[in-house]
Structure formats: C-alpha cells, structure tokens
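The values are calculated or read from the model by the stated rules, or taken from the named source; none is laboratory data. Remember, predicted model here, so these are calculated numbers, not experimental data. For neighbour counting, all protein chains shown are included, and Cβ atoms are generated from backbone atoms with ideal geometry for every residue, glycine included. These accessible areas exclude ligands, DNA and RNA; they are computed on the full protein's heavy atoms, side chains included. Shrake-Rupley method; radii C 1.70, N 1.55, O 1.52, S 1.80 Å.
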Amino acid sequence: MKRIAVLTSGGDAPGMNAAIRAVSRTCDFNEKECLGVTRGYEGLIDGDFIPLNRAAVGGILHKGGTMLKTARSSRFKTEEGVQEAKQQMQAAGIEGLVVVGGDGSFRGAKELHDVGVPTIGVPATIDNDIAGTDETIGFDTAVNTALEAVRRLRDTASSHDRLFIVEVMGRNAGFLPLEVAVATGAEYVVVPELPLSIGNLCHKLRISHENKKSHTLIILAEGVMTANEMKDKLQDTGGYDARVTVLGHIQRGGSPTSFDSVLASRMGAYAAESLFVGKSGVMVGNVSGRMTLSDLERAWLEQKTLSPELLGLIEKLN
Ligand code: F6P
C-alpha cells in the first residue's frame, strides 16, 4: 500500500482534526502518501481529494470541527454511488480508506469494504453510542462543554430556587446526558433507554420542594422530548418555578480535551497502521485502555448499554 485517504462523515465531533493529523503523520512516518477527502462520502463520489502531507495537517490538533468538512450523503446510499466512489479512488491510486465518524458512516465503510476497497473506521461522535469502544472521539469534550454550562445554570437556579430543565444532545442515546448528570449532581436524568413517568417525576419534585431543596436540575436527552415539551407536561413542579435551556450544537464545537486529543491521535495512527498490514472491514476501539479492532457491523447491530452504576449514582447521591 503506497497511498491511502481519510475522510470525516456524519455529525462533526471535537478531535476529528486530531485523528486526521494522526492518519497523515503516520503515513509520512511509514513513507506512504495520504490524501484527504472533502465533505465525506459526497467528496469521495465527486473525487474531491487534497494532498495531506505532514505540513498540511500542522496547527489543527487543537481545533474543533473538521478541516476536511463533513456531510451526510444520500447519494452514497445507492449502489451507483458506492461504485462511483470506488472508481474515483482507483483513478486517484488510493488503496485504502480511513473513515472517521459514527454508525451511519460505518455502514458506508462496510459497503466499500464489501466491494473490495480496504476500509477502516475510527469512531467519532459526541453521542458515544458505538459498541466496540469504551469512548468515541468527541464525547469527553462534549461532556465537559455541557458540564461547564450546567454548572453556570446551577448557580442561577440556586439563587432563584428554580427548576431547570436542560436539554442535551444524544439523539437515541443517553450516554452524554447521564455523564453530565452525574458530573453536575443533577437530581434527575431522562434518557431514551429508560421509561419515564411524568407522574413520578412530579411526585419527586414535590418531595424535593417540601424538603427545602433550593433548586433542582433535570438533564433531558433531546431524543425523549424537547425541554419545552417537558415543561408543558410537568403540570405540577412541586412549587418550583421552571426554566428551560437547550444546549444544542454548542456541545459539538470547541477544542478537544486532552483525553479526546490523545484518543484521536491513538485511533488515527492505529487505523492507518492497521490498513498497512492488510486489515479491512473493521473499526478501531479503545477497550480498557488498549487499541482494538472489531467488525464494523457491531456499530449498528450491537446496542451499547448505559452504566447501571452511573444510573444508580443519580438515585443515591442527589
Ligand atoms: O450524532 C451527533 C449529533 O450531534 C446528535 O447528538 C444530534 O442529535 C445530531 O447529531 C444533530 O444533527 P444535526 O447536526 O444534523 O442537527
């Protein structure tokens, strides 16, 4: 293998640039050539490749977003799209591909693997909802961004004896809300994985208020309902005056934390090296601190589960 490429796809995540840099610099270290594909699978179909030598990835390690841009491609979901992408890669002499993204991106990576293009996935999404890795790139940064925001909300909630409903990202998964809830000492977390009883929640709020708890925080996963919907549903807030905050895409931006910078550097380097030794159809994982490879299909076939220990802490500590 002389030349490989890297692309970022799906929702961006802090640390994607660190992964791109690691792929490029690992190529350079091994005297191989690296190209970047712009706009994910869209750029692959259009043959939008840029040289990614050592200098081209200088100064991006600490930057949020992705220098290669990202997209969700509907064209790549067709057989013609996949064939077109394969032809573009062949024409450019690209012998392998690193796909940095979430489960949707990995489905595309599997398609390429199945038509004979060596492809390896690097998990990057703030949702952390990919089986086969303890953490995805971007999760830690998003948790810390939300943590800072919720700490500020706690200050004002406490001054005014208020209830705050904070809507955080995580389409179908509660990893981000749960981590944020434990880290901020939130009284309640509402996640898609667990049933919600509004009646029970109202009952608990009443008890909190009766016990003179000055303020209350509910961390709500966006996939369950919007914070405004929840406010409307909470007919009885037990006496608290309720306010709503939606953190939104703020959680997707910003410089990666040291954890994400290191994770992305390790994963990007491991993905490139794995391609060089003939691996394909697999994703890189960080399992108990070690770099691993597992089948791409795990990303969408296996449900990663929330930590019962963390869920228990919400109940016990708040
Ligand atoms: O998958 C990452 C994610 O940030 C989810 O948490 C969120 O629901 C979704 O992307 C938002 O997507 P978009 O940027 O297309 O609005």
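Before moving on, here are some points about what is shown:
- Taking a ≥ b ≥ c as the square roots of the eigenvalues of the Cα gyration tensor, the stretch 66-108 is classed as oblate, since a/c reaches at least 1.5 and a/b does not exceed b/c.
- Heavy atoms of ARG25: accessible area, 1.4 Å probe, square angstrom to 10: 60
- DSSP-defined beta bridges in the stretch 34-167 - what % are antiparallel, rounded to 5: 35
- Across q = 0.12, 0.14, 0.15, 0.23 Å⁻¹, the stretch 119-172 modelled as identical point scatterers on its alpha-carbon atoms has Debye log10 I(q)/I(0) values of -0.40, -0.50, -0.55, -0.88, in the order of the q list.
- Prolate/oblate/rounded label for the chain (Cα gyration tensor, a/c 1.5): prolate
- ARG171 sits among other residues whose Cβ lies under 9 Å from its own Cβ, and their net charge, with Lys and Arg +1 and Asp and Glu -1, is -3.
- Global form of the stretch 2-142, assessed from the alpha-carbon gyration tensor, a/c cut-off 1.5: oblate
- Solvent-accessible surface (1.4 angstrom probe) belonging to ASP28, in square angstrom, nearest 10: 70
- Max mean-square fluctuation residue, GNM over the chain, Cα-Cα springs under 10 Å, options SER255, SER197, SER280: SER197
- Each DSSP beta bridge with both residues in the chain is either parallel or antiparallel, and the antiparallel ones are about 20%.
- Förster-model FRET efficiency, 45 Å R0, VAL115 and ASP236, C-beta, rounded to 0.05: 0.20
- Each of VAL287 and ASP155 was given a label point 7 Å from its Cα along the Cα-to-Cβ line. The distance between the two points is 4.3 nm.
- Carbon-plus-sulfur accessible fraction, the chain (probe radius 1.4 Å, protein heavy atoms only): 48%.
- Solvent-accessible area per residue for the stretch 1-76 (1.4 angstrom probe, square angstrom): 41
- Among the listed pairs LYS2/LYS279; LYS63/LYS110; LYS63/LYS279; LYS2/LYS110; LYS77/LYS110; LYS32/LYS110, those with a Cα-Cα distance over 18 Å are LYS63/LYS110; LYS63/LYS279; LYS2/LYS110; LYS32/LYS110.
- Rounded to the nearest 10 Å², the accessible area of HIS249 at probe 1.4 Å: 130
- CD proxy at 222 nm, helix term only [per DSSP H run n ≥ 4: -39500 (n - 2.57); per residue of the chain; nearest 500]: -13000 deg cm²/dmol
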